[in-house]
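Data first, discussion second: the structure below is written as C-alpha cells.
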Amino acid sequence: MGKKIPCYLSAPFQILWWDVDVWGILGVFVFLAFTMGHVFWALAVIAPYGYSKAKRKYPRGFLKHVFYFAGFSDIKGYPSFFEDRFME
C-alpha cells in the first residue's frame, strides 16, 4: 500500500500553487540575483507573477512551445521549427 494514485492524472506537477515552469523562472532570477545583484531581486518576485498571469491566456505547455519557436529545444517526434520542406 505504498503507492498513492493522484486524483487527476493529467494535472501538472505543482509545488505549492505554482507549476514547475514558474519555479524554473524563479530559480533563474534568484541565481542571477545572487550573482549580479540588486535589480534581479525585484525581478525574482515580479517575473514569476507576470509569467503566471500571461500563462493563463494560453494552453498548457506554453513555455515549452516558446522555447520550440525560438529554436532552443525540439519537441519529440516533430521536425524542428525551421524546417521548410518535408518528405513523407
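The values are calculated or read from the model by the stated rules, or taken from the named source; none is laboratory data. Since the model is a prediction, treat every value here as computed from it, not as a measurement. Here the Cβ is made from the backbone with ideal geometry for all residues, glycine too, and neighbour counts use every protein chain on show.
Matching residues to (1) under 18 Å from residue 59 (Cβ atoms); (2) at pLDDT below 75; (3) of a type in the set (A, V, I, L, M); (4) surrounded by 15 or more Cβ atoms within 10 Å (Cβ to Cβ):
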residue: 2; (1), (2), (3), (4): no, yes, no, no
residue: 6; (1), (2), (3), (4): no, yes, no, no
residue: 13; (1), (2), (3), (4): yes, yes, no, no
residue: 17; (1), (2), (3), (4): no, yes, no, no
residue: 26; (1), (2), (3), (4): no, no, yes, yes
residue: 29; (1), (2), (3), (4): no, no, no, yes
residue: 33; (1), (2), (3), (4): no, no, yes, yes
residue: 37; (1), (2), (3), (4): no, no, no, no
residue: 40; (1), (2), (3), (4): no, no, no, yes
With respect to the numbered conditions (1) at pLDDT below 85; (2) in a loop (DSSP other than H, G, I, E, B), which one is the sole condition not fulfilled by residue 57? (1)
Taking the residues in the stretch 43-63 that are touching a residue at least 24 places away in the same chain (Cβ under 8 Å) and either in contact with a His (Cβ under 8 Å, 6 or more places away or on another chain) or closer than 16 Å to residue 28 by Cα (or both) as candidates, determine which candidate is surrounded by the fewest Cβ atoms within 10 Å (Cβ to Cβ). 52
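Pick from the stretch 70-88 the residues that are among the hydrophobic types (A, V, I, L, M, F, W, C) and either in contact with a Phe, Trp or Tyr (Cβ under 6 Å, 6 or more places away or on another chain) or surrounded by 13 or more Cβ atoms within 10 Å (Cβ to Cβ) (or both): which of them is nearest to residue 26 (Cα to Cα)?
The first filter runs over the stretch 70-88 and keeps only residues among the hydrophobic types (A, V, I, L, M, F, W, C), leaving 70, 72, 75, 81-82, 86-87.
Of the ones still in play, those that are also either in contact with a Phe, Trp or Tyr (Cβ under 6 Å, 6 or more places away or on another chain) or surrounded by 13 or more Cβ atoms within 10 Å (Cβ to Cβ) (or both) are 75, 81.
Details: 75: 24, 81: 27 Å.
It comes out as 75.
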